[in-house]
Each structure stands twice: as structure tokens, then as C-alpha cells.
1. In whole Hz and in residue order, list the ³J(HN,Hα) couplings for the stretch 75-91 that follow from phi through the Karplus curve 6.51 cos²θ - 1.76 cosθ + 1.60, θ = phi - 60°; x for Gly and Pro.
2. How big is the Kirkwood radius of the stretch 61-158, worked out from every pair of different alpha carbons and given in Å to one decimal?
3. Positive end of the charge dipole of the stretch 8-137 (Lys, Arg +1 and Asp, Glu -1 on Cβ, about the Cα centre): tell me which of 120, 69, 44 has its Cα farthest that way.
4. Taking the Cα centre of the chain as origin, sum charge times position over the Cβ atoms of Lys and Arg (+1) and Asp and Glu (-1), and report the length of that vector in debye to the nearest 20.
5. Show the residues, 5+ positions off or on another chain, whose built amide H is closer than 5 Å to the amide H of residue 84.
6. Given the DSSP H assignment, sum -39500 (n - 2.57) over each helix run of at least 4 residues in the chain and divide by its residue total; what's the result at 222 nm in deg cm²/dmol, nearest 500?
7. Would you list 147, 94 from fewest to most Cβ contacts within 10 Å?
8. Provide the gained length on full extension for the span residue 42 to residue 60, in nm with one decimal, where the gain is 0.36 nm per separating residue minus the Cα-Cα distance.
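None of the figures in this text is laboratory data; all of them are computed from the coordinates on show. No experiment lies behind these values; they were computed from the predicted model shown. Cβ placement follows ideal geometry from the backbone for every residue including glycine, while neighbour counts extend to all protein chains displayed.
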Amino acid sequence: MKMSLALLAFVISLLSLALQLRGQKPVPPLEKFMVPLRLSELEHRMERADVRLIRDSALTRNGIGVPFMRAITDDHQRIIVRVLVSEEGLPQAYDERKKALMETALLSLSTVASEFDLKFSSAMNVVTVQFLNTKDILREVNADKMYAEYKGGELTFH
């Protein structure tokens, strides 16, 4: 009798635990990085300026600029990487143009995956690479209109 009561209590506790685990929502992949960092305002601004100096002095290759981190979405599910492109400097043939953009997108994806400890396959669902035309940005017309976008393993021209 005592054994059956103990067994019944054990089964009920297992069921309770299973229901609790089943009800938990998955943690967004970037949530663990949303913690305070001990960095002074001066150090933060110096780092940002340093990164911008490096990026601004880097030469474009095939009309493609240096990728940079733009934002993280409000739901902490995606990282947005942007790349400025000069349409005139891009390869003329469609296949070559697509290849050049894909190479940049995959390099950006692997770099971000490495820094955030993500597997490459899961990073494809976390990182979006947006290519913006410098001509639109300089004219301040359609400044956020994308030339192309790499998202979920696919490159789409807009």
C-alpha cells in the first residue's frame, strides 16, 4: 500500500514536471547577450569611432562596401547587417553580381555566427544581410530601400 502511494506520488510529480517543461517558450537565440556590459561612455564611443574609421577607409571591392552591424530586432530574434553597394561598380553580368553579393552575405553570416557562438545553420535564421545602394543614400531618396537582401539562405534582388 505504501509502495503504491509512493509510486502514485512519483508519477504525479513526473507529470507535473512534464507539463511545466512543455509550457516553456523557447529562448530567443540572442537573449543571452542582452545583459549589462561594464563599458564607459568614453570607451564605447572610442570603439565605435575606431570601427567607423576602419570601415570608412576600407576599399570597396566589386562595388561592395564593408558589412556593418545595423541593429538587432526588438524581439531579439534577428541581427541586421548592412552593406553599401555601388551599382556602377558591381559586376555587369547577373550571375557574377549575384555571386559577389552571396560571397559578402556568407562572409557576414559566418563572422556574426562566430562572434555569437551560433552554428552556421542556425545563423542563417538569425542573420539578415541588407544591401543598400549608395546612390539612394547620398540622394536621401529611398534611403532604406534595399538593393538586395540575404535572408534564410536566399538572396533576393529588390
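1. Per residue, the Karplus-derived 3J(HN,Hα) values read 8, 6, 9, 9, 10, 9, 10, 10, 9, 8, 10, 9, 4, 5, x, 5, x Hz.
2. Working: mean 1/r = 0.0735 Å⁻¹.
Evaluated over the stretch 61-158, this radius sits at 13.6 Å.
3. Final value for the positive-end residue is 120.
4. Details: 21 positive and 20 negative charges, 111 e Å.
So the dipole magnitude of the chain works out to roughly 540 debye.
5. 65, 66, 132
6. Numbers: 5 runs with 69 residues, N = 158.
Counting only the DSSP helices, I get -14000 deg cm²/dmol.
7. Details: 147 20, 94 9.
Fewest to most other Cβ atoms nearby, the residues stand as 94, 147.
8. Additional length available on full extension: 3.5 nm.
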